[in-house]
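Data block below; observations after.
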Amino acid sequence: MKTPYSFLALCISLCLLSCKETTSTSVVEDATSGAAQPMAASVEDRIGFPDFGFMESPETYQGRVFKLSDDFPYKNPGPDKDVEAILSIDFKTDWAAYMQAVKEYVFAGNASTDYENSFFLEDNKIRDWYHVPWQHWGPNGREGFHGLTQEGPVAAKMLAPTQTSTSHAYAVGFYNDLGGYAIGKVWNKPEPNYSFFEFDGFPDGTVVAKLLYVPLESNEVPYLENPVSWDAYIYKYDVTGVKTDTTRVKHPVNLIQMDIMVKDPRAISTGGWVFGTFVYNGALGNENRWNNLMPVGIMWGNDPTNNKSSYNPTPTETIINKTLTETIINDSKDLPAMHLGWASRLNGPVDNPYSSCMSCHSTAQYPVVSNILPMFNNPKVPIPEAGTDASSEWMRWFRNVPCETPFDKGKATSFDYSLQLVKSVQNYIEYASNNEKGLYSEEYWSNGHKIRRNALVSE
Ligand code: HEC
């Protein structure tokens, strides 16, 4: 996790250069000549976090540069009429209409047929959307074309039987104004000053979306025909498959999945959030290719008592588990074969086949006491054999954890199902600990040490 410090400084200066208004003149040093030159710059109204961690050199790169949307609202804006419309659709009986309404809400002002220039949030004339800061840090930090972070691994045959290459997904997520208001409570200044330990959750009507891309193409994954492509600055090994190719390259990536999360008061008894995912199916042939995203399903709970194990990591068909009562999977014949999650709970094509949306997201807490996945936890909880009843240890990851409640009660602060918020705090503390040893003393936060300076003391 060692992004060179000088690179971070570059990011911060780039961030300053990308400020909205030009109101004052300051003097900056020209890095090439060493000469001081006057330059127009101003500080963003609120904060101004680094925009990205990886970028082509300014001499080589000609395209548009990603800009973090971090001018978070100070006041709770309350739900607008489109959010109220979403919250009036019954997500259980009318799940497809609910997903469609959220999709339209996310697309409005963001998704155009100028695909490369879509989802630059600053262009949106309909409503404001916000990014979570501090995703630029570390080896999988944001790239500077579209703000994509490197996500989980994509194993061979996970997406289609003809997929032989392995790779990683790349993704960017964003929150509506209600979500932005909550993010601003954690990130109210560049250094969080532990105010994040008082986080009290997202307001009802918070809508979050995340677009996921892969460098794979339709020759291996047939439903990626007619793709929505972006140029991205990604790891070479994700293109060549050669582990030692650890530099970054400019390479196209294709949209494969869109995730949504809605804080919906009607889901309060099962966690308070509704999760949904869409898969890209180019065979649908819509003229506006964004409309080729079709719903995979929806979930509002983890079915905590349903413990019979099954999984389908290299799918040739989608297996729907009719005994689940808190997941609904689309039974359309147009749906490409999906692996889904553990025992067919909801998961998207590039998600882990032994998990589920709400399983991973229920672990959103800081400090990170339990891993997002049971099989990577310490101690490790092995994947239960197919056909057997899962242990109670395994089912800890399939509880319906109430929103705003930590996964490990008494040991951490809940981030209310937001894993990006967790990652932002984790990244910041790690950065601060690396650079200013002892100041945040993160190295002593676990392994039985009781040092939690200015922070939570759990025992
Ligand atoms: C293996 C664990 C895992 C699974 C399974 C998973 N996610 Fe996530 N998700 C993450 C992590 C980690 C992040 C934060 C990092 C990032 O976005 O790059 C995240 C981020 C997100 C975000 C951005 C908001 C946020 O801050 O949390 C959304 C929206 C989202 N996921 C939705 C979903 C949906 C919908 C599903 C199921 C279809 C799903 N996720 C399944 C781990 C998971």
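The values are calculated or read from the model by the stated rules, or taken from the named source; none is laboratory data. Since the model is a prediction, treat every value here as computed from it, not as a measurement. Glycine also receives a Cβ, built like all others from the backbone with ideal geometry; neighbour counts cover every protein chain displayed. Areas reflect the complete protein model, heavy atoms only, side chains present, ligands, DNA and RNA absent. Shrake-Rupley method; radii C 1.70, N 1.55, O 1.52, S 1.80 Å.
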Worksheet item: Restricting attention to the stretch 372-388, and to residues there that are among the hydrophobic types (A, V, I, L, M, F, W, C) and over 20 Å from the mean Cα position of the chain (by Cα), which single residue is surrounded by the fewest Cβ atoms within 10 Å (Cβ to Cβ)?
Response: Ala386
Worksheet item: In the stretch 355-371, which residues are open to solvent by 40 Å² or more (accessible area, probe 1.4 Å) and near the ligand (Cβ under 9 Å from one of its atoms)?
Response: His361
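Out of all the residues in the stretch 165-183, is one or more hydroxyl-bearing (Ser, Thr, Tyr) and open to solvent by 50 Å² or more (accessible area, probe 1.4 Å)?
Yes, the conditions are met somewhere in the stretch 165-183.
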Worksheet item: Got a number for residues in the stretch 41-55 being open to solvent by 30 Å² or more (accessible area, probe 1.4 Å) and at pLDDT 95 or above?
Response: 2
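Sort through Leu121, Leu87 and tell me the only one that's touching a residue at least 40 places away in the same chain (Cβ under 8 Å) and open to solvent by 20 Å² or more (accessible area, probe 1.4 Å). First the steps, then the outcome.
Details: Leu121 fails: open to solvent by 20 Å² or more (accessible area, probe 1.4 Å).
That would be Leu87, the only listed residue that is touching a residue at least 40 places away in the same chain (Cβ under 8 Å) and open to solvent by 20 Å² or more (accessible area, probe 1.4 Å).
So that you can scan it fast, the table gives a plain yes or no per residue for (1) acidic (Asp, Glu); (2) crowded, with 16+ Cβ neighbours inside 10 Å; (3) touching a residue at least 24 places away in the same chain (Cβ under 8 Å):
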residue: Leu324; (1), (2), (3): no, yes, no
residue: Asn330; (1), (2), (3): no, yes, yes
residue: Lys333; (1), (2), (3): no, no, no
residue: Ser344; (1), (2), (3): no, yes, yes
residue: Val350; (1), (2), (3): no, yes, yes
Practice prompt. Just give me the residues in the stretch 402-418 being open to solvent by 60 Å² or more (accessible area, probe 1.4 Å) and within 17 Å of Pro304 (Cα to Cα), in sequence order.
Written response: Pro402
Worksheet item: If you check Pro203, Pro222, Pro252, which single one turns out to be within 16 Å of the ligand (Cβ to nearest atom) and open to solvent by 10 Å² or more (accessible area, probe 1.4 Å)?
Response: Pro203
Item to complete: Tell me, please, whether a residue that is out of contact with any Phe, Trp or Tyr (no Cβ under 8 Å at 6 or more places or on another chain) and more than 21 Å from Leu421 (Cβ to Cβ) can be found in the stretch 363-377.
Response: no
Discussion item. Quick test of your reading of the structure: Glu151 fulfils all but one of (1) modelled with pLDDT of 95 or more; (2) out of contact with any His (no Cβ under 9 Å at 6 or more places or on another chain). Name the failing condition by number.
Written reply: (2)
Worksheet entry | Qualifying positions in the stretch 389-401 - assigned to a loop (DSSP other than H, G, I, E, B) and open to solvent by less than 70 Å² (accessible area, probe 1.4 Å) | Ala390, Ser391, Asn400, Val401
Item to complete: Report, ordered by the first and then the second residue, all pairs with beta carbons closer than 8 Å, sequence separation of six or more or different chains, a first member in the stretch 229-244 that is touching a residue at least 24 places away in the same chain (Cβ under 8 Å), and a second member that is surrounded by fewer than 15 Cβ atoms within 10 Å (Cβ to Cβ) and among the small types (Gly, Ala, Ser).
Response: Asp231/Gly63
Practice prompt. Quickly run through the stretch 78-119 and pick out the residues that are part of a loop (DSSP other than H, G, I, E, B) and more than 23 Å from the chain's Cα centre (by Cα).
Written response: Gly78, Asp80, Ser88, Ile89, Asp90, Lys92, Thr93, Asp94, Thr113, Asp114
Response to the item:
Pro38: passes all of (1) open to solvent by less than 60 Å² (accessible area, probe 1.4 Å); (2) modelled with pLDDT under 95; (3) touching a Ser or Thr at 6+ places or on another chain (Cβ under 6 Å) but (1)
Item to complete: Just one of (1) near the ligand (Cβ under 9 Å from one of its atoms); (2) closer than 14 Å to Phe278 by Cα trips up His339, so point out which.
Response: (1)
